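> Take a look at this one; I'll ask things after.
The values are calculated or read from the model by the stated rules, or taken from the named source; none is laboratory data. Given the structure is predicted, the values throughout are model-derived calculations rather than measurements. As a convention, Cβ positions derive from the backbone with ideal geometry for all residues, glycine included, and neighbour counts pool all protein chains shown.
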Amino acid sequence: MAWFFAKRLVSFTVTLALATIVIFTMLEIVPGDPARLMLGINATQDAVDALRQQMGLDIPPLARYFAWVSGMLTGDFGRSYTYSVPVAELIGDRLWVSLPLAMISLALSTLVALPVGIAAASRRGSAADTGIMASTQLGVAIPNFWFAILLVYVFAVTLRWVPAGGFPGWDKGLMPGLTALILPSIALALPQAAILSRVTRSALVEALGEDYIRTARAKGLGRRAVLWRHALRNALIPVVTIMGLQFAFLLAGTIIIENVFYLPGLGRLVFQAITQNDLPVVQNVVMLLVATVIIINFLVDIAYALIDPRLRKREA
Amino acid sequence: MSLEAGSVPDHVETWADFRSRAMRSRSLLVGTILVAIILCGALASFIWTPFDVTQLIIADRLKPPSSTHWFGTDHFGRDIFSMIMVGARNSIAVAFVAVGIGMAIGVPLGTWAAARRGIVDDILMRFNDVVFAFPAVVSAVMITAIFGPGQFNAIIAIGIFNIPVFARVARGAALSLWSREFIMAAQVSGKNAARITFEHIIPNIANLLMVQGTIQFSLGILAEAGLSYLGLGTQPPWPSWGRMLNEAQTMVAFAPHMAVFPGLAIVITVLGLNLMGDGLRDLLDPRLRRER
Amino acid sequence: MALLEISGLTVTIGASSVLTDVGLTLERGQIMGLVGESGSGKSMTALSTMRLLPEAARLSGSIRFDGEELVEASEKRMCELRGDDIGMVFQEPMTALNPLKTIGEQVAEGIRLHAGLSPRQALERAAETLADVGLPQSQFALSRYPHELSGGQRQRVGIAIACSMNPKLLIADEPTTALDVTIQAKILDLLKSLVQSRNMALLFISHDLAVVAGMADTIAVMRQGKILDTGPAHDLLRQRRHTYTARLAEASAHVPKKLTPPVFSDAPGAPDPLLAVRSLVCQYPGHRKGLFHKPEPFIAVNSISFDVLPSQIMGLVGESGCGKSTLARTLLGLHKPSSGSIDFDHIDIVNGGMQALREARREMQIVFQDPYGSFNPRHRVARLVAEPLHLRPELSKTDKRDRAAAALEAVGLKASDLGKYAHEFSGGQRQRIAIARALVNQPKLIIADEPVSALDVSIRAQVLDLLSELRDRLGLAYLFISHDLSVVRALCDEVMVMRNGEIIERGKADDIFNAPVRKYTRRLVNAAPDLQRVLAEE
């Protein structure tokens, strides 16, 4: 187990390091002069020079890269150009919207998808199974932001149960905050739930066709018991993989959904930063999002080893 | 699987059998019809649309669906049906090119990694992991930050995201083929890795790539819609489904039809592609076939 | 009243009938062998008795177990019977156990279900059962996972699961087919002693007549879903009243006709060797044991030297994992050896570079084991057979086609088969196509890696005949690799026995089998099922 963990940790660190290089190259090397890019063609040379100095762009790239990485390790993400505050502060504020949003939708989609997938697999071939599969097929095809607009139309505009957008802030209490996140979470969770329930079903159906299921049946276990005791845990491996991948989509989804609902989260922050040419914010928020995806993948790898004893001993 | 189950005489299938099975596959049929409808609309828009999508007629603004304007009009009085037809072009073109980029780069990388193994494989797969950590929206955000918004960004961002997907699929399938005996027979016949890849590996993973291609195509449609909704994709005056939804959002209280139809167009396209992909997979995967 | 009485059992799946009017009777405490080639319906008969047929299967007739009609029994009743009164052992020990559960859990599960014991009591009973099948808790903790056990040990767990409740009837479906012969012998002994000590009846299913002959009191022979012949084991095998039984018995002890006198390396005036291997070592990079340990290489082939003479059939025998396949691959230049030399027809394969390898491969080809996996499913036979002609770029397209046609005819197929795909042929025919592919360059040596192991006995006999005939006609030499001693004995002139990467004994085929010197060889020879010997022992 320790060996497996160590190997994964190494590959995780390498991936993360490569990602920092990609982002740094894309945003600080490719544009040539980031300060010029941020200020526009019409800015005076003096203003550009001033900004270069302020952002530390006169230092050679390699030194700048290491300064950036070591800064991040100590929690220093540079200063936002438009807001003139540390980027870390901005991220800290906005994280409290994006993180709950992502967690609630992940929980929602998992809570819906697993039972649905299990129900469909245990009745495979039946009318219920066909019905469930057809509706998940539709669920996969619905873009989350369109679903969000329809939710707003029905529950905010027509029924007026919840606000159409905006976020009151957690300091106004838990309930107003959660109310503001209900529709966005549902909009994000629906397509994910549809995908996850399809994966759950097909992984279960595949596991149910394995030889060890026949062995278990020959022991005297009924169909139900075999599904719960033997197939489910074996089916978890593909399900966990997809859940890991989904988290990446979920993060990407938050960027869009936060813009639909005007939620002051990371997605909206980075979106506004592009329109204002605020490169330090773009760079660090993108880094944060990418790092999250890589961390989640790492955790998924560890989860494999917890589920499957074969991975603990030998190499994958 | 016991000897006996394995030796149920393998389905010797003729082209006629295959065709008749294809006709009976309901999801393939429905999927193809849905995709064909959208595709016809997109193609027709080159020569004819009910109304000119660049002409703004303020007097006709926000009209609900009627016999003149089948899907109603938007806040500039443009015909939504015509805009959806023209928008289909964008969506399909962006998704298609993005899938093409993914395949053109990902498949060679994946088959190369499988053929060489060792250090080449390790490096390519690590590279894959890195690229995989950049969802299309995140890449698009970066590209836009540097080059400004545009349709091209959407294509590149979605295309980049497709590369590791195809590389993984191609590598996995190729690796399992490389351990098969017919590949060893080809090696003993003096064929080198490149030749074996072209003669034996690629033709045998083509089915799988086609199925994955359909899935990525549908994801591409969704991603393009998302990006142009954010304004990071197709720019005005060209209509695109995502931007139409963005504009519809502010008017949803008094013109819900503006939001309904472009969304339905996306759903129909994606649903059609996914059904096609499912149908193709069932048709091409002999393992699933036996299960039925 | 017999314990198990099957009569008029008919099973259909869709439009095809799998079993037709099957009837058999098994008395308490007896062993019945159910023999047949693949597709004969042996497993289906077993699964019908367990009522574990695929869902699409339709079943009619009567299966009376201990006086109870099973065909009509409810699923609930069947769940009570399965694992309690009827236990079943399956063929594939590698996949028959749940990889995520410990062996203790898996054995205890059935005990808890049927005996209503607490988890702890059930685990204690499981430990006893595991000890009875040769896996004492002191060496094999209950907390082990299946992947931590060898194939034979896993099959013991499978037997423990089936026997944990002392069933009246044990069904074993090809329980040793996937195992090496020495392990097979141990598992067969275990089954016999369990059946005796616990007074169980055993329905033993196998494709191997020799194995069944050594086990069973009565035998039933199946073919194409029907029982053709049944009776007490020794009557049935000695008298061979039924032509199919006779054919099966003959095929399993088949010795191909040989016109060429055996070629021995110690014969006076022996020719120069065709293939000369000297001190060959092949290593694979091993797994790292820890961060600061250097990985220890795994030595698959350890300093092997041998010769193959022109027109000689050299046998190479060994159990799985002994390094014989690595050796074959290395000879063909698919794997680079760490040291040693391979000289083929005066070509240095190890150091000669690509050009030497190309030259050598024209004269040296291979036939693989799997008649299904050896062909690209998308190519027609013409292209499959002609593939090695890639080594002769000077040939025109029509030349290539003519040669492919000639090769096909040499193996008993027709030139008109060139336009077909591999999946249109049976397993035996596919193996003929594989031989044709090896022949198309008119080689001097064919490396045959388990070429008949996947084939039914009657087909196996035909392919062995073909190989022998081709040597007579074309003067071919073979390096014939197999785990099956009877096949090696029937075909080869000389034999090498391989174990743990080394050749531990070599000599003339008859000498090795009649008077093995090494203990391991003796064990191997004694463990190999042999119909003649079983009949002679009575």
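> Identify, please: which residue in the stretch C:115-136 is surrounded by 15 or more Cβ atoms within 10 Å (Cβ to Cβ) and part of a loop (DSSP other than H, G, I, E, B) and is, among those, farthest from the other protein chains (Cβ to nearest Cβ)?
Checked the stretch C:115-136; the qualifying residue farthest from the other protein chains (Cβ to nearest Cβ) is C:Gly134.
For (1) away from chain A (no Cβ under 14 Å); (2) part of a helix (DSSP H, G or I), each residue gets a yes or a no:
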site: C:Gly39; (1), (2): yes, no
site: C:Thr45; (1), (2): yes, yes
site: C:Ile63; (1), (2): yes, no
site: C:Val71; (1), (2): yes, no
site: C:Glu80; (1), (2): no, yes
site: C:Gly87; (1), (2): no, no
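> For the stretch C:137-149, which residues satisfy the criterion of being within 14 Å of another protein chain (Cβ to nearest Cβ) and surrounded by 20 or more Cβ atoms within 10 Å (Cβ to Cβ)?
Listed by number, the residues that qualify are C:Tyr145, C:Pro146.
> To continue, here is another question. Is it the case that the stretch B:153-172 has a residue that's away from chain A (no Cβ under 12 Å), touching a helix residue (DSSP H, G or I) at 6+ places or on another chain (Cβ under 9 Å) and surrounded by fewer than 17 Cβ atoms within 10 Å (Cβ to Cβ)?
Applying the first criterion (away from chain A (no Cβ under 12 Å)) to the stretch B:153-172 yields B:154-155, B:159, B:162-163, B:166-167, B:169-172.
From what is left, the residues that are touching a helix residue (DSSP H, G or I) at 6+ places or on another chain (Cβ under 9 Å) are B:154-155, B:159, B:162-163, B:166-167, B:169-172.
With surrounded by fewer than 17 Cβ atoms within 10 Å (Cβ to Cβ) added as a condition, the list becomes B:172.
Looking for residues that are away from chain A (no Cβ under 12 Å), touching a helix residue (DSSP H, G or I) at 6+ places or on another chain (Cβ under 9 Å) and surrounded by fewer than 17 Cβ atoms within 10 Å (Cβ to Cβ), one finds at least one in the stretch B:153-172, hence yes.
> Continuing with the same structure: Taking only pairs six or more apart or across chains, which ones have beta-carbon atoms under 9 Å, a first residue in the stretch C:322-346 that is touching a residue at least 12 places away in the same chain (Cβ under 8 Å) and on the phi > 0 side of the Ramachandran plot, and a second residue that is assigned to a loop (DSSP other than H, G, I, E, B) and of a type in the set (D, E, K, R)?
Close Cβ pairs satisfying both conditions: C:Asp345/C:Lys444.
> Just for the stretch A:209-220: of the residues that are free of Cβ contacts under 8 Å to residues at least 12 places away in the same chain and within 7 Å of chain C (Cβ to nearest Cβ), which one is surrounded by the fewest Cβ atoms within 10 Å (Cβ to Cβ)? Working first, answer last.
In the first step, residues of the stretch A:209-220 are kept if they are free of Cβ contacts under 8 Å to residues at least 12 places away in the same chain; the result is A:209, A:211, A:214-215, A:217-220.
In the following step, the residues that additionally are within 7 Å of chain C (Cβ to nearest Cβ) were identified as A:211, A:214-215, A:217-220.
Numbers: A:Asp211: 18, A:Arg214: 21, A:Thr215: 27, A:Arg217: 22, A:Ala218: 24, A:Lys219: 27, A:Gly220: 22.
Per the stated criteria, the residue is A:Asp211.
> Just checking, which of C:Ala246, C:Ala276, C:Ala251 is within 30 Å of the chain's Cα centre (by Cα), at pLDDT 85 or above, under 22 Å from C:Glu469 (Cα atoms) and small (Gly, Ala, Ser)? Outline the logic, then answer.
Working: C:Ala246 fails: under 22 Å from C:Glu469 (Cα atoms); C:Ala276 fails: under 22 Å from C:Glu469 (Cα atoms).
On inspection, the qualifying residue turns out to be C:Ala251.
> Also, I was wondering about something else. Taking the options B:Val35, B:Val53, B:Val30, name whichever one is in contact with a Pro (Cβ under 6 Å, 6 or more places away or on another chain), farther than 30 Å from C:Ser38 by Cβ, surrounded by 12 or more Cβ atoms within 10 Å (Cβ to Cβ) and modelled with pLDDT of 75 or more. If you could, list the steps in order and put the result at the bottom.
Numbers: B:Val35 fails: in contact with a Pro (Cβ under 6 Å, 6 or more places away or on another chain); B:Val30 fails: in contact with a Pro (Cβ under 6 Å, 6 or more places away or on another chain).
Going through B:Val35, B:Val53, B:Val30 in turn, the sole match is B:Val53.
> Residues to consider are C:Val440, C:Val517, C:Val495, C:Val452; find the one that is within 16 Å of the chain's Cα centre (by Cα) and on the phi < 0 side of the Ramachandran plot.
Numbers: C:Val440 fails: within 16 Å of the chain's Cα centre (by Cα); C:Val517 fails: within 16 Å of the chain's Cα centre (by Cα); C:Val495 fails: within 16 Å of the chain's Cα centre (by Cα).
Among C:Val440, C:Val517, C:Val495, C:Val452, only C:Val452 is within 16 Å of the chain's Cα centre (by Cα) and on the phi < 0 side of the Ramachandran plot.
> Considering each residue of the stretch A:233-262, count those that are out of contact with any Pro (no Cβ under 8 Å at 6 or more places or on another chain), facing chain C (nearest Cβ under 10 Å) and under 18 Å from C:Thr95 (Cβ atoms), and give that number.
Residues in the stretch A:233-262 being out of contact with any Pro (no Cβ under 8 Å at 6 or more places or on another chain), facing chain C (nearest Cβ under 10 Å) and under 18 Å from C:Thr95 (Cβ atoms): 2 in total.
> Please work out which one of (1) loosely packed, with under 12 Cβ neighbours inside 10 Å; (2) among the polar types (S, T, N, Q); (3) at pLDDT 75 or above is the condition B:Ser20 fails and give its number.
(3)
> Among the residues of the stretch A:51-64, which ones are part of a helix (DSSP H, G or I) and over 22 Å from A:Thr82 (Cα atoms)? Step through it out loud before you land on a result.
So in the stretch A:51-64, the residues part of a helix (DSSP H, G or I) come out as A:51-55, A:61-64.
A:Pro61, A:Leu62, A:Ala63 - these are the residues of the stretch A:51-64 that are part of a helix (DSSP H, G or I) and over 22 Å from A:Thr82 (Cα atoms).
> Working only within the stretch A:263-282, note down all residues that are in a helix (DSSP H, G or I) and either closer than 29 Å to A:Gly117 by Cα or at the interface with chain B (Cβ under 10 Å from one of its Cβ atoms) (or both). It would help to see each step written out before you state the result.
First pass over the stretch A:263-282, keeping only residues in a helix (DSSP H, G or I): A:266-275, A:279-282.
Listed by number, the residues that qualify are A:Gly267, A:Val270, A:Phe271, A:Ala273, A:Ile274, A:Thr275, A:Leu279, A:Val281, A:Val282.
> Write out, first by first residue and then by second, each pair whose Cβ atoms fall under 7 Å of each other, whose residues are 6+ apart or on separate chains, and whose first residue, in the stretch A:132-150, is within 8 Å of chain B (Cβ to nearest Cβ) and in contact (Cβ under 8 Å) with a residue 12 or more places away in the chain while the second is part of a loop (DSSP other than H, G, I, E, B) and surrounded by fewer than 23 Cβ atoms within 10 Å (Cβ to Cβ).
That search, which allows pairs on different chains as well, returns A:Ile149/B:Val252.
> Being crowded, with 20+ Cβ neighbours inside 10 Å, over 19 Å from C:Gln224 (Cβ atoms) and within 14 Å of chain A (Cβ to nearest Cβ) narrows it down to one of C:Glu92, C:Glu75, so name that one. Write out each step before concluding.
Details: C:Glu75 fails: crowded, with 20+ Cβ neighbours inside 10 Å.
From the options C:Glu92, C:Glu75, the qualifying one is C:Glu92.
> Give C:Ser17, C:Ser38 a once-over and let me know the one that is more than 26 Å from A:Ser126 (Cα to Cα) and at pLDDT below 95. I'd like the intermediate steps shown before the answer.
Values: C:Ser17 fails: more than 26 Å from A:Ser126 (Cα to Cα).
Sole residue among the options that is more than 26 Å from A:Ser126 (Cα to Cα) and at pLDDT below 95: C:Ser38.
> Which count do you get for residues in the stretch C:150-171 that are more than 24 Å from the chain's Cα centre (by Cα) and surrounded by fewer than 20 Cβ atoms within 10 Å (Cβ to Cβ)?
Residues flagged as more than 24 Å from the chain's Cα centre (by Cα) and surrounded by fewer than 20 Cβ atoms within 10 Å (Cβ to Cβ) within the stretch C:150-171 amount to 1.
Rundown of residues vs (1) more than 13 Å from every other protein chain (Cβ to nearest Cβ); (2) farther than 21 Å from C:Ala438 by Cβ; (3) in a strand (DSSP E or B), yes/no style:
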residue: C:Ile342; (1), (2), (3): yes, no, yes
residue: C:Val350; (1), (2), (3): yes, yes, no
residue: C:Gln355; (1), (2), (3): no, yes, no
residue: C:Arg362; (1), (2), (3): no, no, no
residue: C:Asp370; (1), (2), (3): no, no, no
residue: C:Ser374; (1), (2), (3): no, no, no
residue: C:Ala382; (1), (2), (3): yes, no, no
residue: C:Ala386; (1), (2), (3): no, no, no
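> List the residue pairs whose Cβ atoms are under 8 Å apart, where the first residue sits in the stretch C:511-525 and is within 15 Å of C:Ser486 (Cβ to Cβ), the second is part of a helix (DSSP H, G or I) and of a type in the set (Lys, Arg), and the two are 6 or more positions apart or on different chains.
C:Phe513/C:Arg489; C:Pro516/C:Arg522
> Are there any pairs, at least 6 apart or on different chains, whose C-beta atoms fall under 6 Å, with the first in the stretch C:150-171 and farther than 21 Å from C:Leu117 by Cα and facing another protein chain (nearest Cβ under 10 Å) and the second crowded, with 21+ Cβ neighbours inside 10 Å and not acidic (Asp, Glu), and if so, which?
Pairs that qualify, where the first residue is farther than 21 Å from C:Leu117 by Cα and facing another protein chain (nearest Cβ under 10 Å) and the partner is crowded, with 21+ Cβ neighbours inside 10 Å and not acidic (Asp, Glu), are C:Ile171/C:Ala46; C:Ile171/C:Met88; C:Ile171/C:Leu203.
> Also: Where in the stretch C:452-538 are there helices (runs of 4 or more DSSP H), lying fully within it, with 3 or more residues that are surrounded by 16 or more Cβ atoms within 10 Å (Cβ to Cβ) and touching a Ser or Thr at 6+ places or on another chain (Cβ under 7 Å)?
Working: elements: C:457-474, C:485-491, C:509-514, C:519-527, C:531-537.
Fully inside the stretch C:452-538 and qualifying: nothing.
> State all residues of the stretch A:151-164 that are on the phi < 0 side of the Ramachandran plot and either of a type in the set (Phe, Trp, Tyr) or within 14 Å of chain B (Cβ to nearest Cβ) (or both); if no residue qualifies, say none. Steps first, please.
Initial filter on the stretch A:151-164 (on the phi < 0 side of the Ramachandran plot): A:151-159, A:161-164.
Answer for the stretch A:151-164, where residues must be on the phi < 0 side of the Ramachandran plot and either of a type in the set (Phe, Trp, Tyr) or within 14 Å of chain B (Cβ to nearest Cβ) (or both): A:Leu151, A:Val152, A:Tyr153, A:Val154, A:Phe155, A:Ala156, A:Val157, A:Thr158, A:Leu159, A:Trp161, A:Pro163, A:Ala164.
> Here's another thing I want to ask about it. What's the number of the only condition in (1) at pLDDT below 85; (2) surrounded by 17 or more Cβ atoms within 10 Å (Cβ to Cβ); (3) more than 10 Å from chain B (Cβ to nearest Cβ) that A:Glu315 fails to meet?
Looking at each condition in turn, A:Glu315 falls short on (2).
> Does C:Arg112 fit the bill of being in a helix (DSSP H, G or I) and under 19 Å from A:Ala216 (Cα atoms)? Steps first, please.
Values: in a helix (DSSP H, G or I): yes; under 19 Å from A:Ala216 (Cα atoms): yes.
Yes; evaluated as a whole, the condition is true for this residue.
> Identify, by number, the condition in (1) surrounded by fewer than 18 Cβ atoms within 10 Å (Cβ to Cβ); (2) of a type outside the set (Val, Ile, Thr); (3) not in a loop (DSSP other than H, G, I, E, B) that A:Leu90 doesn't meet.
Unmet condition: (1).
> Can you tell me which residue in the stretch A:18-50 is farthest from the other protein chains (Cβ to nearest Cβ), limited to those that are in a loop (DSSP other than H, G, I, E, B) and over 17 Å from B:Phe147 (Cβ atoms)? Show your work before the answer.
So in the stretch A:18-50, the residues in a loop (DSSP other than H, G, I, E, B) come out as A:30-33, A:40-44.
So of that shortlist, the ones also over 17 Å from B:Phe147 (Cβ atoms) come out as A:42-44.
Values: A:Asn42: 15, A:Ala43: 16, A:Thr44: 21 Å.
Step by step, filter the stretch A:18-50, then rank; the result is A:Thr44.
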